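In what follows, a structure is listed as structure tokens, so that the remarks can point back to it.
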Amino acid sequence: MSSEPHIFFADTNERQGSFLRRTFVMGALTTLGGVALTGRLAQLQVFQAGEYATLATNNQFNFRLVPPPRGRILDRNGVVIAGNRPSFRVLVVRDETKDLDQTLDLLGRLLPDTLDRRRSIIREVNAAPRFSPVPVKSDLSWEEFARVNLYANELPGVMADMNEARYYPFGGSFAHVIGYVAKPNDRDIKAIQDRGEKVPEILYNPGFRIGRQGVEKAFDADLRGEAGGNRVEVDARGRVVAEDIGGSRPAVPGKDIVLTLDADVQNRALEVYGEESGGCVVMDVRNGDILCMVSAPSFDPNLFVGGVPSSVYNALRDYERLPLLDKAIYGTFPPGSTFKMTSALAFLNAGIDPTERVVCTGGYRYGARTFRCWRAGGHGAMDMHNAIKNSCDTYFYHLCNRAGVDRIAQAAKALGFGQVYEIGIAGQSDGTVPSTKWKRDYTEATSWDDDGTWYPGETLSVAIGQGALEVNALQLAVMTSRLANGRKAVQPRLVKSVGGEEREAAAAFPDLPFSKEHLDIVRGGMAAVANDVTGTAYRASQLGLGDIQMAGKTGTAQSRDYKPGESRGPRNAQWTRRDHALFVAFAPHDAPRYAIALIIQHAPAGGAADAAPKAREIMKTVLLKDPDMRARIERPLPPEPVAPAGVDEGEGGTGPGGEVTGPAAAEVAPPPVTRPAPTATSGPRPYLSEPRR
């Protein structure tokens with residue numbers, strides 16, 4: 001029989017004391033814990049109740065930013081040229097999907113074209129903030145929208161809604177001047193951070209767009225508006241269960257911007273260009289308002305709103321006629337004979353007599369080189385008026401060095417060349433106005449193999465609008481406007497108002513540094529170009545609008561160097577090897593109101609054959625939209641003069657066809673003049689001569 005172990009206390013009091021000590025310690029600890037818990041509960045429920053109630057509410061509600069409606073852009077007559085339209089779209093919320101890949105697979109069955117953008121969709125969804133809806137496809141048809149809504153319950157994290165998308169109703173007509181909108185990218189974010197500014201949270205919203213190019217970019221801050229937000233109730237997993245209407249904040253739309261452009265003129269300009277490339281600007285010579293500023297060929301900016309496919313962008317980028325390039329303010333070209341009015345004013349400022357005659361025999365010999373006139377047989381004796389009318393190169397070759405290149409450059413700057421204008425948008429080229437200083441600076445800056453000396457032979461090229469001289473269509477329009485105005489150096493204006501606040505034109509334009517007599521001589525030559533039957537643009541300049549006539553000047557500028565004896569090429573020559581065609585004009589020539597400058601890059605023929613007819617059609621649209629001009633066109637013709645009694649019919653009368661005959665004919669009919677047909681030139685053709693007008 002085994003014995004059980006036993007514990008024996010020698011003293012009963014000792015055992016009882018040990019128990020009491022343990023009880024006291026445990027009780028003290030329990031009491032202390034209870035006091036601490038009671039104090040903490042009191043702190044949480046009494047003293048910090050408000051703070052934690054706020055935190056709980058914030059966890060219960062989320063504030064989701066809503067992009068504001070972008071401000072509209074309107075033409076001078078209130079026609080919307082950039083606005084917003086309703087757009088159905090489908091969105092995905094990454095944190096509400098169980099499996100993003102599976103969700104996109106299912107969505108691809110409803111919208112097959114989303115499969116082509118799968119990689120970019122995943123990239124955008126993963127980059128978006130938590131619980132932020134990411135547009136997967138916009139501009140859904142009603143059938144697609146209904147199909148997605150029908151299966152929305154089976155697609156966790158997928159929703160379809162309607163929002164506002166940017167819309168350009170005239171497509172490519174305003175693409176370059178207006179620009180377009182696109183999603184913000186990393187470069188946009190970095191640019192803001194580099195300026196030391198805080199990046200607006202709305203820029204991270206996948207549905208937000210910012211301006212690219214043109215007015216959209218220049219006035220992005222005004223057009224953008226202020227973001228609103230929806231206060232939504234979420235569950236513990238962040239899913240939306242309700243919306244707090246009272247806590248939501250409506251978005252503030254952006255400001256409307258009104259431009260000086262005219263939608264009808266702009267559309268007509270792009271239409272008359274057809275498939276040709278170039279730029280056109282129309283200005284009001286009284287206040288500088290730009291009615292038209294178009295570049296052709298153009299592109300549809302609506303393609304860029306939702307993200308243009310790479311294949312489409314590459315096709316636009318690689319097309320030789322460069323539809324993405326703004327040829328009205330950025331592309332520069334030699335002005336050709338449209339520059340001869342500038343040279344003529346420089347001659348007059350140098351004291352050259354406008355009646356002095358230069359005999360043109362088809363060219364001008366300078367040193368070891370012959371600079372040929374565009375008319376191989378020559379123009380005969382030319383004074384300044386006829387030299388402008390007939391665009392005689394030899395006249396300008398002969399006199400240009402008596403004025404000097406610096407005086408020509410000075411006249412060019414006074415007429416608006418070689419500078420950019422504050423029209424509200426960036427991207428202008430200032431072009432090149434050669435001078436002795438320009439050549440020295442250019443030689444130093446480029447380490448050109450030249451000593452920087454200006455040679456008189458170079459002035460011959462500049463005098464006829466060639467050589468290093470480069471201008472854009474806006475500068476040509478400014479020159480023509482200043483010539484037409486005759487008193488003031490008109491400044492162009494593109495923006496009329498922003499958010500209802502008028503942006504006035506310059507309070508006072510500076511005076512032109514030319515006398516009225518000198519300007520009248522030059523303008524008289526331009527009037528003869530368009531209205532004298534021997535003028536280089538007579539046939540192409542007849543408006544057919546009553547007694548309203550244009551005054552203009554043609555130009556054909558070389559685009560490349562020609563080898564001795566090389567032909568300038570037929571109409572079907574390779575596009576890049578053709579010359580440029582230009583035409584500038586103002587109307588009415590007796591009371592100038594509008595000026596136009598038009599450039600055709602690598603034209604089939606020349607200024608008279610290609611550029612002038614297009615400018616005429618655009619100018620007709622401008623004049624017909626002017627109520628004063630329309631009233632002048634529609635007014636009745638003056639009565640025909642009645643022969644006074646006693647006139648001997650043997651001295652004059654009418655022939656069988658109604659024509660005036662006899663001595664009276666000399667008073668009512670001009671002498672018959674035949675316009676010389678353009679003659680093809682032969683032999684060596686030095687660079688910087690002009691074969692066609």
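The values are calculated or read from the model by the stated rules, or taken from the named source; none is laboratory data. As the structure is a computational prediction, the values presented were derived from the model and not from experiment. Note that each Cβ is placed from the backbone with ideal geometry, even for glycine, and that neighbours are counted across all protein chains shown. The area values use the complete protein model at the heavy-atom level, side chains included, leaving out ligands, DNA and RNA. Shrake-Rupley method; radii C 1.70, N 1.55, O 1.52, S 1.80 Å.
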(request) Look at V232 and say whether it is open to solvent by less than 30 Å² (accessible area, probe 1.4 Å) and either farther than 26 Å from I290 by Cβ or modelled with pLDDT under 85 (or both). (result) yes
(message) Residues to consider are G452, G535, G457, G467; find the one that is open to solvent by less than 40 Å² (accessible area, probe 1.4 Å), in a helix (DSSP H, G or I), of a type outside the set (S, T, N, Q) and modelled with pLDDT under 95.
(response) G457
(request) Looking only at segment 274-303, count how many residues are closer than 15 Å to F333 by Cβ and of a type in the set (G, A, S). (result) 5
(message) Restricting to segment 47-88, give me the number of residues that are surrounded by 11 or more Cβ atoms within 10 Å (Cβ to Cβ), at pLDDT 80 or above and outside any strand (DSSP E or B).
(response) 10
(request) Determine whether segment 482-491 contains at least one residue that is open to solvent by 20 Å² or more (accessible area, probe 1.4 Å), without any contact (Cβ under 8 Å) to a residue 40 or more places away in the chain and outside any strand (DSSP E or B). (result) yes
(request) Considering only residues that are on the phi > 0 side of the Ramachandran plot and exposed (fewer than 14 other Cβ atoms within 10 Å of the Cβ), look in segment 351-371 and name the one that is modelled with the lowest pLDDT. (result) G367
(request) Tell me, please, whether a residue that is among the β-branched types (V, I, T), in contact (Cβ under 8 Å) with a residue 12 or more places away in the chain and either open to solvent by 50 Å² or more (accessible area, probe 1.4 Å) or closer than 30 Å to D326 by Cβ (or both) can be found in segment 112-125. (result) no
(request) Please work out which one of (1) part of a helix (DSSP H, G or I); (2) closer than 30 Å to V281 by Cβ is the condition G108 fails and give its number. (result) (2)
(message) Given (1) open to solvent by 20 Å² or more (accessible area, probe 1.4 Å); (2) more than 30 Å from L291 (Cα to Cα), identify the lone condition not met by L348.
(response) (1)
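Just to verify a result, which residue in segment 164-186, among those that are open to solvent by 40 Å² or more (accessible area, probe 1.4 Å) and touching a Gly at 6+ places or on another chain (Cβ under 8 Å), is nearest to R76 (Cα to Cα)?
P169
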(message) Just to verify a result, which residue in segment 403-437, among those that are farther than 24 Å from A328 by Cβ and not polar (S, T, N, Q), is most open to solvent (accessible area, probe 1.4 Å)?
(response) K437
(request) Return yes or no: is A381 touching a residue at least 12 places away in the same chain (Cβ under 8 Å), over 26 Å from H580 (Cβ atoms), hydrophobic (A, V, I, L, M, F, W, C) and open to solvent by 10 Å² or more (accessible area, probe 1.4 Å)? (result) yes
